[in-house]
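S.K.: After the structure tokens below, expect a handful of questions from me.
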Ligand code: GCU
């Protein structure tokens with residue numbers, strides 16, 4: 001498994017603004033046939049589906065339709081009405097795709113505010129985690145994940161399982177007490193439950209559930225791991241729709257880094273997500289592919305060949321040939337609120353490129369009657385940075401990470417945009 005550090009070292013990444021070079025972004029408001037998109041109707045009926053198809057075919061891959069409907073079973077495996085020192089209700093649910101103990105499954109962990117009820121359902125943040133559900137809080141009773149886990153950063157693929165040692169290890173990245181204290185539910189699952197994050201030719205995880213008879217790996221235009229993780233988020237939302245204490249019409253999907261790329265793709269496809277948060281998602285996420293700064297499409301394809309679809313490989317040396325760019329991914333979320341959050345020292349992710357992509361989505365948000373992005377210039381990084389337009393933007397000092405102050409911004413943004421409908 002490559003890390004930000006070692007993949008960066010192999011790359012010939014450009015970090016010099018003067019060397020970025022000119023580029024022309026594809027117009028989100030012009031159809032492939034050259035027709036200008038001047039109405040919300042034309043956007044919804046023609047341009048949005050066209051862009052979605054282009055992202056499916058060339059970037060993330062299509063989510064296959066199963067031969068027969070996938071059987072889904074929900075099993076509540078634990079419930080604690082007095083979790084987090086009495087501040088929350090904790091529920092663990094296994095979402096199983098098929099019968100029997102070997103059926104692929106997602107273990108979803110949900111923390112609900114104490115007073116959430118059918119009559120007063122809470123809005124929720126839903127996101128995948130890297131290190132297992134037991135890592136996101138210090139709750140001693142959350143079950144250890146059973147799926148394959150990464151063994152720290154930078155280690156080769158080994159069959160590693162989570163241990164007690166990792167409990168609470170990413171609690172600062174999730175801030176569940178704070179989130180629940182602000183009246184929101186938190187739901188999370190480990191991304192490895194859906195597809196373990198290494199290149200095994202798509203033999204494990206959920207991909208094989210969708211193979212045609214005789215098919216052994218996804219076609220060049222079918223989903224990779226990001227597509228599968230995004231699909232898993234939608235399945236978690238299906239479950240939340242059955243949870244009376246959660247208002248499933250007010251669920252924000254969020255993710256950090258590769259999981260920020262995933263939250264954007266999930267939100268672009270599944271319009272039930274009421275809000276999307278991308279944290280430091282970088283190349284293949286919120287930042288512009290054509291802007292030559294930090295990580296490149298070639299880097300992604302070399303280091304993480306399983307994340308995107310096969311067709312994406314052909315753009316490693318031809319980024320201008322991509323029929324889309326990432327501002328159009330953000331535009332696919334319109335008119336729903338989206339927050340793009342960048343970190344100043346995260347140059348590999350190209351914070352300015354993330355801002356410019358948010359700006360590039362603005363005409364679509366305006367066409368659909370929202371205020372769009374309320375910034376005309378890339379703002380300096382400040383700890384309390386948050387522009388609260390329907391396209392929100394944050395630029396904070398510091399490294400590639402999710403920090404408690406990021407959560408303050410996510411919550412402030414949600415307080416503005418995730419209000420009861
Ligand atoms: C690497 C990768 C990035 C990715 C990040 C992460 O740095 O190059 O594209 O966002 O890992 O997910 O941690």
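The values are calculated or read from the model by the stated rules, or taken from the named source; none is laboratory data. Being a predicted model, the structure only gives us computed values, none of them experimental. Here the Cβ positions follow ideal geometry from the backbone for every residue, glycine too, while neighbour counts run over all protein chains shown.
S.K.: Out of (1) touching a helix residue (DSSP H, G or I) at 6+ places or on another chain (Cβ under 6 Å); (2) surrounded by fewer than 17 Cβ atoms within 10 Å (Cβ to Cβ); (3) within 26 Å of residue 349 (Cβ to Cβ), what's the single condition that is false for residue 199?
M.R.: (1)
S.K.: Between a first residue in region 295-318 that is under 19 Å from residue 196 (Cβ atoms) and free of Cβ contacts under 8 Å to residues at least 40 places away in the same chain and a second residue that is near the ligand (Cβ under 10 Å from one of its atoms) and not in a helix (DSSP H, G or I), which pairs have beta carbons less than 6 Å apart while being 6 or more apart in sequence or on different chains?
M.R.: Going by the 6 Å Cβ cut-off, the qualifying pairs are 300/283; 300/284.
S.K.: Looking at this structure, is residue 332 in contact (Cβ under 8 Å) with a residue 60 or more places away in the chain and either within 16 Å of the ligand (Cβ to nearest atom) or in contact with a strand residue (DSSP E or B) (Cβ under 8 Å, 6 or more places away or on another chain) (or both)?
M.R.: Judged against the criteria, residue 332 is not a match.
S.K.: Further question: Failed condition for residue 85, given (1) modelled with pLDDT under 95; (2) more than 20 Å from residue 255 (Cα to Cα); (3) assigned to a loop (DSSP other than H, G, I, E, B), with all others met?
M.R.: In the conditions (1) modelled with pLDDT under 95; (2) more than 20 Å from residue 255 (Cα to Cα); (3) assigned to a loop (DSSP other than H, G, I, E, B), residue 85 misses (3) alone.
S.K.: Which residues, taken from region 239-259, are within 13 Å of the ligand (Cβ to nearest atom), closer than 12 Å to residue 126 by Cα and assigned to a helix (DSSP H, G or I)?
M.R.: Once the filter is applied, which keeps residues that are within 13 Å of the ligand (Cβ to nearest atom), closer than 12 Å to residue 126 by Cα and assigned to a helix (DSSP H, G or I), region 239-259 yields only 259.
S.K.: Which one is farthest from residue 62 (Cα to Cα) among residues in region 233-246 that are surrounded by fewer than 24 Cβ atoms within 10 Å (Cβ to Cβ) and in contact with a helix residue (DSSP H, G or I) (Cβ under 9 Å, 6 or more places away or on another chain)?
M.R.: Per the criteria, the residue is 237.
S.K.: Continuing with this model, one more query. Hey, among the residues in region 268-316 that are assigned to a helix (DSSP H, G or I) and more than 16 Å from the ligand (Cβ to nearest atom), which one's surrounded by the most Cβ atoms within 10 Å (Cβ to Cβ)?
M.R.: So the residue we want is 268.
Residue-by-condition table, conditions (1) assigned to a loop (DSSP other than H, G, I, E, B); (2) surrounded by 19 or more Cβ atoms within 10 Å (Cβ to Cβ); (3) out of contact with any helix residue (DSSP H, G or I) (no Cβ under 8 Å at 6 or more places or on another chain); (4) in contact (Cβ under 8 Å) with a residue 12 or more places away in the chain:
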| site | (1), (2), (3), (4) |
| --- | --- |
| 22 | yes, no, yes, no |
| 26 | yes, no, no, yes |
| 48 | no, yes, yes, yes |
| 66 | yes, no, no, yes |
